[in-house]
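The values are calculated or read from the model by the stated rules, or taken from the named source; none is laboratory data. Computed from a prediction, not measured in an experiment: that's the story for all the values here. In this analysis, Cβ positions are derived from the backbone assuming ideal geometry, glycine residues included, and neighbour counts consider all displayed protein chains. Note: accessible area is taken over every heavy atom of the protein model, side chains too, but ligands, DNA and RNA are not part of it. Shrake-Rupley method; radii C 1.70, N 1.55, O 1.52, S 1.80 Å.
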Amino acid sequence: AVLAYLSRYTHRVAIANSRLIALDERGVTFRWKDYRAKGKTRHKTMTLTTDEFIRRFLLHVLPSGFHRIRHYGLLANCGRREQLAQVRKLLQVMPTDSELNGGDTDAVGQSAQPTFTCPDCGAAMIIVKILARKQPIRAPPWQRGTA
């Protein structure tokens, strides 16, 4: 749970430009995600005075000489597997079956398929087809001088 919480802050900047909605005399308006809420109320907007927005933004700027944590620590690429194994040992947590089997295949050699149960009768559901997510349709980049 701690790693899931911290992972939201390891690979991102304080706020992406796409989340900024407006900057006017009232302040800075931006979108944010409330992780405690579910459904349509999860994404919200907030307006802060410019001074307060800059104060909060600067809380996420690292001092000179510091590095982002994705390059160091438990989740760094070099030795990640061994370090997480050590953490599991210290926390007395067993690794999952997929981690024990290498994560790719099960002991029989076939790819492991998830089992889904019917919410009404409780019988096992059969996977007929898995639909892959397609690339979103994007408009061509905006060109100066055309409109």
**Message:** Looking for something closer than 26 Å to Lys33 by Cβ and either at pLDDT 75 or above or open to solvent by 100 Å² or more (accessible area, probe 1.4 Å) (or both) - is there at least one such residue anywhere in segment 70-92?
**Reply:** yes
**Fill in**
The residue from Ala132, Ala107 that alone is at pLDDT 75 or above and small (Gly, Ala, Ser) is Ala132
**Request:** Collect the residues in segment 49-69 that are at pLDDT 70 or above and in a helix (DSSP H, G or I), keeping them in residue-number order.
**Result:** Thr50, Asp51, Glu52, Phe53, Ile54, Arg55, Arg56, Phe57, Leu58
**Request:** Mind listing just one residue for me: the one in segment 14-34 that is open to solvent by 90 Å² or more (accessible area, probe 1.4 Å) and not in a strand (DSSP E or B) and, of those, modelled with the lowest pLDDT?
**Result:** Asn17
**Request:** Sort out which residues of segment 45-67 are touching a strand residue (DSSP E or B) at 6+ places or on another chain (Cβ under 6 Å) and either over 10 Å from Val28 (Cα atoms) or of a type in the set (S, T, N, Q) (or both), and write them in order of number.
**Result:** Thr45, Thr47, Thr49, Thr50
